[in-house]
Amino acid sequence: MTAEKKRSLLSDEELEWSDVAANCRMNREREITGTNSYTADLKLNPLEFLTEKIQAGQTVRWLDLCCGSGRALIQAYEHFQQAGLSAQVQIRGIDLVNLFLPAPDAGDTLRLQTASLHDWDTDERFDLITCVHGLHYVGDKLSLLARAAGWLSSDGQFLAHLDLENLQTVEGTWTTADKREFLRRRFFQYHSRTHLLTCTGQQDVRFPCRYAGASDQAGPNFTGQPAVNSFYQLRETV
């Protein structure tokens, strides 16, 4: 057993008090487009994605999990307002830490909410759900993934960064290939080069495992920042 697992695993509530989970550097300065942006990291321009759906006659909804300061969402709102499309867009951001930038009074078009994603839920359906480097700091990652798949519209798109090394079993026997297949069988595609996990269309996802707890002693992952390992007891390895 590794030194990490010899330490007591943290519950979701305990993890939220960890300096690692409340990492204030992530998504504080990231913008909607440009070099340090959602567009660059997601390999998808949210403005273009949502505009295309608006042009098809839809009112579109975007949910951003772990939105940080909300800078990118505020910029997106300003873009749609200037284009005269704000009435057809609803943007919602959720973050554990209330460090939001001052946001315009945008009614339902833009809402920034402080909440724990360990138990946050919604009846709304979204055309786009994003989580830019936020999963690195979540305890029960698989629970959030399953809920997010259920929040998608019928043709909605989910994109999130994930380091497969941050998914672990208490036995320590989960291979990278098995993790990818485990996710693929439950509607998620993992793209190794970009570390992006994607899911298309609303899905009823049920992962065959039990969450055992998290460790904030995982050290840096591919981002170079300290991350959180999530531990599971599996009923099926794939």
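Among the chymotrypsin sites (Phe, Trp or Tyr not before Pro) found in region 77-134, those both in a DSSP coil and sparsely packed, with 13 or fewer other Cβ atoms within 10 Å of their Cβ, are W120.
Filter the chymotrypsin sites (Phe, Trp or Tyr not before Pro) in region 161-238 down to the DSSP loop ones having no more than 16 other Cβ atoms within 10 Å, then list what survives. Passing both the DSSP loop test and the Cβ count: F222.
The label-point distance for T59 and D121, in a model that sets each label 7 Å from Cα toward Cβ, rounds to 2.5 nm.
For D204 and E171, the difference between the fully extended length at 0.36 nm per residue and the C-alpha to C-alpha distance is 9.1 nm. Computed from label points 7 Å out along Cα-Cβ, the spacing between E29 and S154 is 4.4 nm. Each of C199, C209 has its accessible area taken with a 1.4 Å probe; listed largest first, they run C209, C199.
For the chain, the share of accessible area belonging to carbon and sulfur comes to 45 percent (1.4 Å probe, ligands and nucleic acids excluded). For G93, the residues whose modelled amide H falls within less than 5 Å of its own, excluding neighbours fewer than 5 places apart on the same chain, are D64, R111, L112, Q113. Probing with 1.4 Å while keeping every protein chain in the model, the per residue accessible area of region 21-145 equals 42 Å². The loop-placed trypsin sites (Lys or Arg not before Pro) in region 37-99, going by DSSP, that have at most 16 neighbouring Cβ atoms within 10 Å of their Cβ come out as K43. Which of these values of semi-axes √(5λ) of the Cα gyration tensor in Å was calculated from the structure shown: (1) 31, 19, 15; (2) 28, 23, 15; (3) 24, 22, 17? For semi-axes √(5λ) of the Cα gyration tensor in Å, the calculated option is (1). Dipole magnitude for the chain: computed about the Cα centre from +1 point charges on Lys and Arg Cβ and -1 point charges on Asp and Glu Cβ, it is near 600 debye. I want to make sure I understand the PRE zone here: with the label point 7 angstrom from the Cα of R185 toward its beta carbon, which residues in region 199-223 have backbone N atoms less than 15 Å away? It comes to 205-210, nothing else. Here the relative contact order of the chain, from alpha carbon pairs under 8 Å that lie six or more residues apart, stands at 20 percent. Across R206, R28, R147, mean-square fluctuation computed from a Gaussian network of the chain (C-alpha pairs under 10 Å connected) peaks at R206. Across A72, A103, A83, mean-square fluctuation computed from a Gaussian network of the chain (C-alpha pairs under 10 Å connected) peaks at A83.
Across region 58-169, C-alpha contacts under 8 Å between residues 6 or more apart give a mean separation that, scaled by the residue count, equals a relative contact order of 28 percent.
Per residue of the chain, the DSSP helices (runs of n ≥ 4 H) give a summed -39500 (n - 2.57) that works out to -6000 deg cm²/dmol at 222 nm. Shown for the chain: lysine pairs separated by 8 or more places, or found on different chains, whose C-alpha atoms are under 25 Å apart, numbering 8.
The values are calculated or read from the model by the stated rules, or taken from the named source; none is laboratory data. Note that the structure is a prediction, hence the values are computed from the model and not measured. Cβ coordinates were reconstructed from backbone atoms using ideal geometry, including for glycine residues, and neighbour counts include every protein chain displayed. These area figures cover heavy atoms from the full protein model, side chains too; ligands, DNA and RNA do not enter into them. Shrake-Rupley method; radii C 1.70, N 1.55, O 1.52, S 1.80 Å.
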